[in-house]
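Take a look at the structure below.
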Amino acid sequence: NAGVTQTPKFQVLKTGQSMTLQCAQDMNHEYMSWYRQDPGMGLRLIHYSVGAGITDQGEVPNGYNVSRSTTEDFPLRLLSAAPSQTSVYFCASSYGQGSGSPLHFGNGTRLTVT
Amino acid sequence: GENVEQHPSTLSVQEGDSAVIKCTYSDSASNYFPWYKQELGKRPQLIIDIRSNVGEKKDQRIAVTLNKTAKHFSLHITETQPEDSAVYFCAATRNQFYFGTGTSLTVIP
């Protein structure tokens with residue numbers, strides 16, 4: 001099992017550009033989520049999904065879109081990048097919301113917006 | 001929603017000493033409490049977890065205790081080693097994972 005795979009590892013964008021961060025898992029996890037990590041702020045939830053076709057907002061959703069067309073994939077779209085979106089982004093999955101099973105994290109994407 | 005507070009934000013200990021990190025949570029319905037270790041430039045990785053029907057769990061040098069009445073849980077690392085140096089995150093969960101802001105642990109050889 002590859003676990004949770006994120007691409008790209010690094011990305012530099014100019015303000016106003018759009019891009020998609022890819023996330024795929026091969027563990028048949030129903031629950032998938034996106035976090036951003038900023039110094040001193042811990043891990044903040046952006047969006048999450050409890051299954052294919054179902055998504056919902058987390059703590060900091062503004063400026064981001066998600067979709068879940070399959071169980072395996074959960075891409076995160078930045079619509080119009082802003083310097084405030086410079087961060088490290090982690091995709092994570094688990095067996096189910098409220099299942100008492102841990103989150104498995106991808107290796108992260110370091111995004112810089114200039 | 002849930003509010004998780006984690007203390008201290010930084011911690012330095014001598015090799016061989018113990019380290020304790022404490023977290024409090026606000027939602028009494030939270031029922032699962034994982035701890036993650038994140039080395040520099042790496043992803044967070046689960047090191048130990050505890051469920052609300054258990055008061056203590058131990059795995060070699062790492063232990064976690066949970067006090068549901070007081071709504072706090074703690075990570076205990078004994079006989080610390082330089083490779084324990086990392087950032088540690090606690091989380092409280094019911095339907096979502098709510099993370100603390102992390103503790104940067106430095107073990108001084």
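To keep it simple, each residue is scored yes or no on (1) within 14 Å of the chain's Cα centre (by Cα); (2) within 13 Å of chain B (Cβ to nearest Cβ).
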residue	(1), (2)
A:20	yes, no
A:23	yes, yes
A:28	no, no
A:33	yes, yes
A:46	yes, yes
A:50	yes, yes
A:63	yes, no
One residue is enough: does the range B:65-84 have a residue meeting the conditions closer than 22 Å to residue A:105 by Cα, at the interface with chain A (Cβ under 10 Å from one of its Cβ atoms) and among the aliphatic types (A, V, I, L, M)? no
Condition first: touching a residue at least 40 places away in the same chain (Cβ under 8 Å), in contact with a Gly (Cβ under 7 Å, 6 or more places away or on another chain) and either polar (S, T, N, Q) or surrounded by 16 or more Cβ atoms within 10 Å (Cβ to Cβ) (or both). Now tell me which residues in the range B:58-81 satisfy that. B:80
Scan the range A:21-36 and give yes if some residue there is touching a helix residue (DSSP H, G or I) at 6+ places or on another chain (Cβ under 9 Å) and aliphatic (A, V, I, L, M), otherwise no. no
Filter the range A:27-69 for residues that are under 20 Å from residue B:42 (Cα atoms) and part of a loop (DSSP other than H, G, I, E, B) and give the result. A:39, A:40, A:41
Does the range B:36-46 contain at least one residue that is surrounded by 13 or more Cβ atoms within 10 Å (Cβ to Cβ), away from every other protein chain (no Cβ under 13 Å), within 26 Å of residue A:30 (Cβ to Cβ) and not aliphatic (A, V, I, L, M)? no
Looking at the range B:15-35, which of its residues are outside any strand (DSSP E or B) and either buried (at least 19 other Cβ atoms within 10 Å of the Cβ) or within 12 Å of the chain's Cα centre (by Cα) (or both)? B:30
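For every residue, the table says whether it meets (1) part of a loop (DSSP other than H, G, I, E, B); (2) touching a strand residue (DSSP E or B) at 6+ places or on another chain (Cβ under 8 Å); (3) under 17 Å from residue B:5 (Cβ atoms).
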residue: B:66; (1), (2), (3): no, yes, yes
residue: B:75; (1), (2), (3): no, yes, yes
residue: B:79; (1), (2), (3): yes, no, no
residue: B:90; (1), (2), (3): no, yes, yes
residue: B:95; (1), (2), (3): yes, no, no
residue: B:101; (1), (2), (3): yes, yes, yes
residue: B:106; (1), (2), (3): no, yes, no
Only one of B:43, B:61 is basic (Lys, Arg) and over 21 Å from residue A:37 (Cβ atoms). Can you tell me which? B:61
Take residue A:41 and tell me if it is surrounded by fewer than 21 Cβ atoms within 10 Å (Cβ to Cβ) and over 28 Å from residue B:103 (Cα atoms). no
Residues of the range A:76-106 classified as surrounded by fewer than 16 Cβ atoms within 10 Å (Cβ to Cβ), closer than 21 Å to residue A:25 by Cα and modelled with pLDDT of 95 or more, total: 1
Considering only the range A:90-98, I want to know if a residue exists there that is under 26 Å from residue A:16 (Cα atoms), in contact with a Cys (Cβ under 6 Å, 6 or more places away or on another chain) and within 12 Å of another protein chain (Cβ to nearest Cβ). yes
When you scan the range B:6-57, how many residues do you find that are among the basic types (Lys, Arg) and in contact (Cβ under 8 Å) with a residue 40 or more places away in the chain? 2
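The values are calculated or read from the model by the stated rules, or taken from the named source; none is laboratory data. It should be emphasised that the depicted structure is a prediction, and the values quoted were computed from it without experimental measurement. No Cβ is skipped: glycine too gets one built from the backbone with ideal geometry, and neighbour counts run over all protein chains shown.
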